[in-house]
Amino acid sequence: MKLILPVEIASEIQLNLPLKTQIVCVDCDGNLSADASDAEIYFNWFNLKPTTLHKVLAASPKLRWQHTPSAGVNHILTPTFLAHDIVLTNSAGVHAIPVAEFALAFMLYHAKHLGKLQAAQALHQWRSDLEMQELTDTTVLIIGAGGIGCAMPSAVREATIASRAKAFGMQVWGSRRHPQPLPNFDLIVGANEWRVLLPQVDYVVIATPLTPETKKLIDTEALQNMRESAYLINIARGAVVDETALITALKAGWISGAGLDTFYTEPLPPDNPLWTLPNVFITPHCSGNSPKVIQRCIALFLENLQHYLTQKPLINVVDKIAGY
């Protein structure tokens with residue numbers, strides 16, 4: 001059996017492979033270290049370029065399974081990929097801990113005026129006039145109550161946005177495609193029912209995958225229906241938000257602010273108005289970053305490899321039609 005592995009972690013994975021397993025290393029530009037024409041498995045790495053993916057697909061016509069370290073797969077589901085009969089699995093769940101912590105950091109940043117306090121420190125100003133808020137008894141709506149928002153592989157099940165919010169005494173509501181009771185949620189509604197909740201929530205956290213159905217899901221109507229005191233947090237994909245509508249909402253005061261870790265175009269262009277809006281906290285798509293994430297990615301891949309070798313169902317199989 002032959003595997004195509006990212007050069008960054010190939011040596012670490014090789015130590016855990018069955019005897020007589022062959023590996024081919026691939027770098028970020030799609031350069032392969034050996035013949036991959038009979039490779040069955042491809043483990044791509046972070047920030048996969050379309051050109052790299054297409055090079056690997058062209059060089060390995062016998063691929064049967066591809067695993068990605070990301071939770072989102074919109075960058076993989078290209079027409080070229082979909083033309084191949086390849087099972088795709090993702091790493092939903094491995095980023096849960098850092099992303100959940102980041103979502104709460106955005107909330108605390110807003111509630112405790114941390115940006116204003118740090119600016120005052122730089123000017124040697126004593127800002128005792130700021131009205132601090134508590135998270136206790138506020139309400140958060142998690143759009144996409146699955147994946148990072150809620151249910152995970154058991155190793156990180158406890159590290160969800162919902163459970164962290166609950167620990168702060170928040171009311172936790174969520175939406176998902178198939179609504180059902182979930183731990184740490186006070187209310188779950190269907191994917192098309194969350195809009196009626198917007199006038200009642202203090203924080204909206206976007207945790208849904210990017211699919212044709214969710215592109216520009218947060219539109220003018222949604223932003224106008226939110227409270228003026230509400231705060232929007234995006235730790236999913238930038239294109240889930242209509243960026244033009246968001247800029248209008250932030251300038252006009254439809255909402256109080258936004259914590260944004262993802263954007264339609266990344267890196268965010270220097271001339272994008274979001275950079276200069278005082279009620280926006282911008283981070284460079286880093287909410288899922290943690291040294292432990294890489295180890296979880298490797299562990300998940302090796303567990304899935306055992307499933308593959310023993311013909312058990314793979315973990316985190318992506319529905320290529322649904323897009324997640």
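The values are calculated or read from the model by the stated rules, or taken from the named source; none is laboratory data. Small disclaimer: the values here were computed from a predicted structure and weren't measured. We place every Cβ from the backbone using ideal geometry, glycine too, and count neighbours over all the protein chains shown.
Side notes on the structure shown:
- Residues that are buried (at least 20 other Cβ atoms within 10 Å of the Cβ) and either at pLDDT below 95 or within 22 Å of residue 72 (Cα to Cα) (or both), drawn from the range 189-210: 194, 204, 205, 206, 207, 208, 209, 210
- Just so you know, in the range 231-242 the residues that are surrounded by fewer than 24 Cβ atoms within 10 Å (Cβ to Cβ) and touching a Phe, Trp or Tyr at 6+ places or on another chain (Cβ under 7 Å) include one that is farthest from residue 95 (Cα to Cα), and it is 239.
- Checked against the criterion of being under 20 Å from the mean Cα position of the chain (by Cα), outside any loop (DSSP other than H, G, I, E, B) and free of Cβ contacts under 8 Å to residues at least 12 places away in the same chain, the range 154-168 has at least one qualifying residue.
- Of everything in the range 252-286 that is charged (D, E, K, R) and farther than 22 Å from residue 114 by Cβ, the residue that is surrounded by the most Cβ atoms within 10 Å (Cβ to Cβ) is 266.
- Given (1) loosely packed, with under 15 Cβ neighbours inside 10 Å; (2) within 25 Å of residue 215 (Cβ to Cβ), number of the condition residue 44 does not satisfy: (1)
- Qualifying residue in the range 212-221 (condition: more than 20 Å from the chain's Cα centre (by Cα) and buried (at least 16 other Cβ atoms within 10 Å of the Cβ)): no
- Selection within the range 200-220 - outside any loop (DSSP other than H, G, I, E, B) and among the aliphatic types (A, V, I, L, M): 204, 205, 206, 218
- The criterion of at least 1 residues that are assigned by TED's automatic domain parsing to the domain that holds residue 256 and either within 16 Å of the chain's Cα centre (by Cα) or closer than 17 Å to residue 323 by Cα (or both) is met, among helices (runs of 4 or more DSSP H) falling completely within the range 22-118, by 96-111.
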